[in-house]
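Visitor: Take a look at the following structure, please.
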Amino acid sequence: MDSCDVERLNELLEQDVELREKIKEQVTDLDKKTRNMVGVLNKIHSTPPESIPGLLDSVRPMLHSCQTTSAAMAALIPPSQFWRWKEMWTNSLRTAIFSAALVKFLATGKLISLPEVCQILGIKDEWKGRFALPVEDYLHGLISLVNELSRLAVNAVTLGNFEAPIQISIFVKDLFAGFSMLNLKNDTLRRRFDSLKYDLKKIEEVVYDVSLRKLAPPQGGHQM
């Protein structure tokens, strides 16, 4: 290896280090935003139903602020190097997806779609190969949503919202059925999906108790 080769290799290494540090800065920014969102959303467990819309209004600007970070990421990542760097922000991105999905459910009782998440987080199709939202990360975010809703089903009853567990049960059963039809080959994703049956059982126990005590009608679907 001659001196020219060594010099060139050192240049490439330095470029990688510099790029990694720049990406890390954006990931830190995304981490901060997602932690703030989760911190606010955690209040749903102690917030009466009539105050939920105001709480969601305080989260939406945080969600939309992620668009700036998405654009910065896309500008940093070289073409066709998405998979090389994605592990740096995967956890933060999944948390952002979870937050968007929870806001959508609490506001409408419906499931957020993959294109909707991309729109909210400002992730554009033309960035494919640099910065994108993989289907697996979207599914991980939805599983986190179910984890949170199983907790909410219990806490909603404590707040006197007896119809919420029924609405959650209908939603989660439908989502679980959808997951069951997917060909999940990713081991981590498959294990997390398998654990959903425990969340579903927890929700069903709450619904059974509420129905047994005649605290809510047996059929739900009302807004929370």
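Visitor: Does region 25-34 contain any residue that is surrounded by 10 or more Cβ atoms within 10 Å (Cβ to Cβ), aliphatic (A, V, I, L, M) and either within 26 Å of Thr90 (Cα to Cα) or touching a Gly at 6+ places or on another chain (Cβ under 7 Å) (or both)?
Guide: Taking every residue of region 25-34 in turn, at least one turns out to be surrounded by 10 or more Cβ atoms within 10 Å (Cβ to Cβ), aliphatic (A, V, I, L, M) and either within 26 Å of Thr90 (Cα to Cα) or touching a Gly at 6+ places or on another chain (Cβ under 7 Å) (or both).
Visitor: Let me ask something additional. For Val38, all conditions in the list (1) open to solvent by 20 Å² or more (accessible area, probe 1.4 Å); (2) under 24 Å from Val172 (Cα atoms); (3) free of Cβ contacts under 8 Å to residues at least 60 places away in the same chain; (4) not small (Gly, Ala, Ser) hold save one; what is the number of the exception?
Guide: The number of the failed condition is (3).
Visitor: Now for a separate question. Does Lys173 meet the test of being surrounded by fewer than 19 Cβ atoms within 10 Å (Cβ to Cβ), of a type outside the set (A, V, I, L, M, F, W, C) and closer than 27 Å to Arg84 by Cβ?
Guide: Against the criterion (surrounded by fewer than 19 Cβ atoms within 10 Å (Cβ to Cβ), of a type outside the set (A, V, I, L, M, F, W, C) and closer than 27 Å to Arg84 by Cβ), Lys173 does not qualify.
Visitor: Same structure, new question: With respect to Leu93, is the statement that it is assigned to a helix (DSSP H, G or I), of a type outside the set (Ser, Thr, Tyr), more than 24 Å from Glu21 (Cα to Cα) and open to solvent by less than 50 Å² (accessible area, probe 1.4 Å) true?
Guide: So Leu93 does not fit the description; no.
Visitor: Name the helices (runs of 4 or more DSSP H) wholly within region 113-224 that hold at least 2 residues that are modelled with pLDDT of 95 or more?
Guide: 114-121, 135-158, 164-180, 196-212
Visitor: Condition check: assigned to a helix (DSSP H, G or I), over 22 Å from Thr95 (Cβ atoms) and in contact (Cβ under 8 Å) with a residue 40 or more places away in the chain. Does Leu19 satisfy that?
Guide: So Leu19 passes the test.
Visitor: Which of the following residues is without any contact (Cβ under 8 Å) to a residue 60 or more places away in the chain, within 22 Å of Ile143 (Cα to Cα) and open to solvent by less than 40 Å² (accessible area, probe 1.4 Å): Leu63, Leu106?
Guide: Exactly one of Leu63, Leu106 is without any contact (Cβ under 8 Å) to a residue 60 or more places away in the chain, within 22 Å of Ile143 (Cα to Cα) and open to solvent by less than 40 Å² (accessible area, probe 1.4 Å), namely Leu63.
Residue by residue, here is whether (1) in contact with a Lys or Arg (Cβ under 6 Å, 6 or more places away or on another chain); (2) under 30 Å from Asn161 (Cβ atoms); (3) exposed (fewer than 15 other Cβ atoms within 10 Å of the Cβ) holds:
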{"position": "Leu19", "(1), (2), (3)": "no, no, no"}
{"position": "Glu50", "(1), (2), (3)": "no, yes, yes"}
{"position": "Leu56", "(1), (2), (3)": "no, yes, no"}
{"position": "Ala72", "(1), (2), (3)": "no, no, no"}
{"position": "Ala75", "(1), (2), (3)": "no, no, yes"}
{"position": "Trp89", "(1), (2), (3)": "no, no, no"}
{"position": "Ala100", "(1), (2), (3)": "no, yes, no"}
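Visitor: Suppose we filter region 121-135 for residues that are open to solvent by 40 Å² or more (accessible area, probe 1.4 Å) and in contact with a helix residue (DSSP H, G or I) (Cβ under 6 Å, 6 or more places away or on another chain); how many remain?
Guide: Matching residues across region 121-135 total 1.
The values are calculated or read from the model by the stated rules, or taken from the named source; none is laboratory data. Computed from a predicted model, the values in this text were never measured in an experiment. All Cβ positions, glycine included, derive from the backbone under ideal geometry; neighbour counts span all protein chains shown. Areas reflect the complete protein model, heavy atoms only, side chains present, ligands, DNA and RNA absent. Shrake-Rupley method; radii C 1.70, N 1.55, O 1.52, S 1.80 Å.
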